[in-house]
Structure formats: structure tokens, C-alpha cells
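The values are calculated or read from the model by the stated rules, or taken from the named source; none is laboratory data. Here the structure is a predicted model, which is why all the values come from computation and not from measurement. In this analysis, Cβ positions are derived from the backbone assuming ideal geometry, glycine residues included, and neighbour counts consider all displayed protein chains.
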Amino acid sequence: MSGPVSVPVSHSWRWLTQGFGHFKQNPVAWILTMVIWIVISVVISLIPGIGSLAITLLSPVIAAGYMLGCREQEEGGDFRIGHLFSGFSNNVGQLILVGVLYLVGSIVIVVAIGMFAGGTMFMLGGGDPSAMGPEMMSALMIPILIAMLFFIPLLMAYWFAPVLVALNDMSAIAAMKMSFSACLKNMLPFLVYGLLGAILMMIGMIPIGLGLLIVMPMFVASMYVSYRDIFYS
């Protein structure tokens, strides 16, 4: 691994097109893994109290499985349904720790912004919830925007962490630091990539969401393509 390096903005589109290339090699397996993970997520989310927490902790493990499948394809093999769970046999402890760190970061941001927003509402409304007006709503937009600004660096630290842990045997903390550095060096390509991804997601939702069965696998595979581009150029 040589990176992370800065890449041209034009590579953002290439990440997506090459991601589609991964999907096209075995679309049935890609779609089935997506459906299986969605069903598992829905079932887990129904568990009172811990459902959403469990999904957050498991997500890096599942993401790592997809990245392992993409590497298999790159080496001439096939993407298989079993790749969905292959992250459980590759540095799983550190992968779960990535989820823990992301969860803790999210909680800290939400609590801090919630306290700030609550204080703002109390001061503007004199402690009266019925006093909510346009001025108060405008004031509450400030903590929401601040929360978004804080979540961006957290997402930057999370983005490449699962693949770095699974494929490069890095610790969770080291992987998140390197992921943040990689995203920081490629802010503009990722901005364009995010906009293109959002457009494709909206297009995929048009035919009763069925297009997402293509767009989502393509987007996941594009994460691996961007990893190879930034860390192995």
C-alpha cells in the first residue's frame, strides 16, 4: 500500500462505473446479498433497545465482507453470497471496534447538539414549548447545521476503515485515522462522487425502488474501487 494520495476529480465517475463493472460480473449474487442484509437489518432493528445499536456495530463487518468479495473479483475469482459474512473471519474484533467508535462519536455529537438546541429553545421560548415560532425554528437550524458539520469528519474517518482493517490488517484507530487523511486529501472528488451517488440513488428509486437493487451494489463496489485508486495508485 502506497497511499493515500490525491486523485483527479474525474476519478469520482470512474469509481462508480468500475463499481458497476464489479456488479455486472455476478449481478445475482450482488442482489441476493443486498436483499439478505436488508432483511437481516430489518429483523435486528425490531429488537427493542439494542436493534439499531447492533446494526451499527455489525455494519463495518458486513462492509468488510463486500470489500473481500471485490478483491476476489479483482483477482479473477467470483463474488459469492458467502462474502456477505466473510468479514466475521477477518479481524472481526477491530471491525466491531470501528462500529463502536463510530457509535460513540455519533452519540457525543447528538447529545452535544441536543443540549445546545434544548438550551436555545428554552431561552427563546422562555421555557414554554408552545412559544415555538419562526424565530425559534430558524435558531434551531443552527445546531442542525453544526451537527452536519461534525458528522462529516466522523464519516470521513469511517469511510475506508472497514476495508483497511480487513485487507490491510490495521487496527480500528489507525484505520480511521488513515481513512480521514485519505478523504481529506480528496475532498473535491468525494464531493462530486457524493452528488453523483445521490442522483443515481434518486433515479434508482423511481421504478418503485427496484433500481436500488442495482445502484446500491454498484455504490458499495465503488467504495472498493476508490480504495484501490487512492491507496494503490
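Take LEU68 and tell me if it is aliphatic (A, V, I, L, M) and within 22 Å of PRO217 (Cα to Cα). Break it down into steps so the answer makes sense when it comes.
On the way: aliphatic (A, V, I, L, M): yes; within 22 Å of PRO217 (Cα to Cα): yes.
Against the criterion (aliphatic (A, V, I, L, M) and within 22 Å of PRO217 (Cα to Cα)), LEU68 qualifies.
Selection over segment 63-106 of residues that are in contact (Cβ under 8 Å) with a residue 24 or more places away in the chain, in a helix (DSSP H, G or I) and charged (D, E, K, R) gives a count of 2. From the list ILE36, ILE47, the lone residue that is modelled with pLDDT under 95 and among the aliphatic types (A, V, I, L, M) is ILE47. Hey, among the residues in segment 92-105 that are surrounded by fewer than 22 Cβ atoms within 10 Å (Cβ to Cβ) and of a type outside the set (Gly, Ala, Ser), which one's farthest from TYR158 (Cα to Cα)? By that ranking, first place goes to VAL92. When segment 151-177 is filtered for residues that are outside any helix (DSSP H, G or I) and either of a type outside the set (Phe, Trp, Tyr) or more than 13 Å from the chain's Cα centre (by Cα) (or both), the ones remaining, listed by number, are ASP169, MET170, SER171.
Listed residues VAL35, VAL43, VAL28; which is in a helix (DSSP H, G or I), under 13 Å from LEU213 (Cα atoms) and without any contact (Cβ under 8 Å) to a residue 40 or more places away in the chain?
Numbers: VAL35 fails: without any contact (Cβ under 8 Å) to a residue 40 or more places away in the chain; VAL43 fails: under 13 Å from LEU213 (Cα atoms).
Answer to the selection: VAL28.
Of the residues making up segment 58-81, those that are at pLDDT below 95 and under 30 Å from SER106 (Cα atoms) number 0.
When the test is whether a residue is surrounded by 13 or more Cβ atoms within 10 Å (Cβ to Cβ), under 18 Å from the mean Cα position of the chain (by Cα) and over 26 Å from SER171 (Cβ atoms), SER59 does not pass it. Selection over segment 162-191 of residues that are exposed (fewer than 15 other Cβ atoms within 10 Å of the Cβ) and under 30 Å from ILE214 (Cβ atoms) gives a count of 3.
Here is a check on your reading of the model: is ILE113 modelled with pLDDT of 90 or more, over 16 Å from the mean Cα position of the chain (by Cα) and within 24 Å of ILE55 (Cα to Cα)? Here the answer is no, as ILE113 does not meet what is asked. Within segment 30-45, which residues are over 13 Å from MET216 (Cβ atoms) and not small (Gly, Ala, Ser)? VAL39, ILE40, VAL42, VAL43, ILE44 - these are the residues of segment 30-45 that are over 13 Å from MET216 (Cβ atoms) and not small (Gly, Ala, Ser).
Report yes if SER171 is modelled with pLDDT of 95 or more and farther than 16 Å from ALA64 by Cα, otherwise no.
Working: modelled with pLDDT of 95 or more: yes; farther than 16 Å from ALA64 by Cα: no.
Against the criterion (modelled with pLDDT of 95 or more and farther than 16 Å from ALA64 by Cα), SER171 does not qualify.
Only one of the listed residues (ILE214, ILE208) is over 13 Å from HIS11 (Cα atoms), β-branched (Val, Ile, Thr) and touching a residue at least 40 places away in the same chain (Cβ under 8 Å). That residue is ILE214.
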